[in-house]
Amino acid sequence: LLPLKKKEPVAGLVKLQREWIDKASSHRGYVFSVATCMDLVCSAGGDGIIKVWDSKTFALKKKLVGHRGGVMALCSDPCTHELFSGATDGTVRVWDVKLAACKRTIVAFGSDVLALATANGALVMGEGSGAVSIVCKKTWEVVRVLRSEGGAVHSLAIEPNLSTIVCGTTEGNMLVFISPEVSRKEEEENGEGA
């Protein structure tokens, strides 16, 4: 990017921001999360609704309804084109965005779902209880629960092979979970292990 001179407008960016704000403002309450899914942009709000927008025109295409609380997190799987939503009703919903249909509901351990990430056949959920749950997307079962012990988990980042999970909490902490099993398995596959 080239540096801009003072007071030099960025016409396309300003226009895009105005278009987006005008058309997306129809959520009641905050917009807590946005995600792209195929050629669509999805927004999630405190009103419990997920809105699906055309990524070129920002025209509202669909509304995904089903959560009984504010939708706090969205993420999508580029391989399956599924959209995942986590909410304060303690559930994660798996959506077929094209059909505007909920395919599955996953119940968290009695806590709000505040953050989501997906990679390598797994869905990772950050919860209000401080738990980080890993769900296998083949069986839809929780295969591991990690405890942050640092407050509610509001953000997640994961390595594609799930060797590292980083989360941010309400206590102001960033916690890193490293899986020695994944690291050892990769070393063995690469001929680096003993």
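The values are calculated or read from the model by the stated rules, or taken from the named source; none is laboratory data. This is a predicted model, so every value here is computed, not measured. Note that we place each Cβ from the backbone using ideal geometry, even for glycine, and neighbour counts take in every protein chain shown. Surface accessibility is based on the protein's heavy atoms, side chains included, excluding ligands, DNA and RNA. Shrake-Rupley method; radii C 1.70, N 1.55, O 1.52, S 1.80 Å.
So which of L83, L114, L156 ends up being within 19 Å of S179 (Cβ to Cβ) and assigned to a strand (DSSP E or B)?
L156
Residues A122, A115, A131: which one is open to solvent by less than 20 Å² (accessible area, probe 1.4 Å) and at pLDDT 95 or above?
Numbers: A122 fails: at pLDDT 95 or above; A131 fails: at pLDDT 95 or above.
Only one candidate qualifies: A115.
Can you tell me how many residues in the range 34-76 are part of a strand (DSSP E or B) and touching a residue at least 40 places away in the same chain (Cβ under 8 Å)?
Start the filter on the range 34-76 by keeping residues that are part of a strand (DSSP E or B), which leaves 34-37, 40-45, 49-54, 60-65, 71-76.
If we keep only those that are touching a residue at least 40 places away in the same chain (Cβ under 8 Å) as well, we get 34-37, 40, 42, 44, 50, 52, 72-76.
Of the residues in the range 34-76, 14 are part of a strand (DSSP E or B) and touching a residue at least 40 places away in the same chain (Cβ under 8 Å).
Failed condition for L99, given (1) open to solvent by less than 20 Å² (accessible area, probe 1.4 Å); (2) outside any strand (DSSP E or B); (3) hydrophobic (A, V, I, L, M, F, W, C), with all others met?
It fails just one condition, (1).
For C37, only one of the following conditions fails: (1) open to solvent by less than 10 Å² (accessible area, probe 1.4 Å); (2) under 21 Å from G128 (Cβ atoms); (3) in contact with a His (Cβ under 7 Å, 6 or more places away or on another chain). What is its number?
(2)
Say we look at the range 24-34 and pick out the residues that are more than 13 Å from L83 (Cβ to Cβ) and open to solvent by less than 40 Å² (accessible area, probe 1.4 Å); which of these is modelled with the lowest pLDDT?
Across the range 24-34, the extreme among qualifying residues is A24.
From the list F84, F109, F58, exactly one residue is closer than 28 Å to L146 by Cβ, hydrophobic (A, V, I, L, M, F, W, C) and at pLDDT below 90. Which is it?
One residue alone meets the criteria, F109.
Can you list residue pairs whose Cβ atoms sit under 7 Å apart, with the first residue in the range 87-104 being over 16 Å from I49 (Cβ atoms) and the second being among the polar types (S, T, N, Q) and at pLDDT below 95? Count only pairs 6 or more apart in sequence or on different chains.
Matching pairs, first to second residue: G90/S111.
For the structure I just gave you, tell me whether I165 is over 26 Å from G48 (Cβ atoms), under 16 Å from the mean Cα position of the chain (by Cα) and in a strand (DSSP E or B).
So I165 fits the description; yes.
Of the residues that make up the range 8-23, is at least one at pLDDT below 90 and touching a strand residue (DSSP E or B) at 6+ places or on another chain (Cβ under 8 Å)?
Looking through the range 8-23, at least one residue is at pLDDT below 90 and touching a strand residue (DSSP E or B) at 6+ places or on another chain (Cβ under 8 Å).
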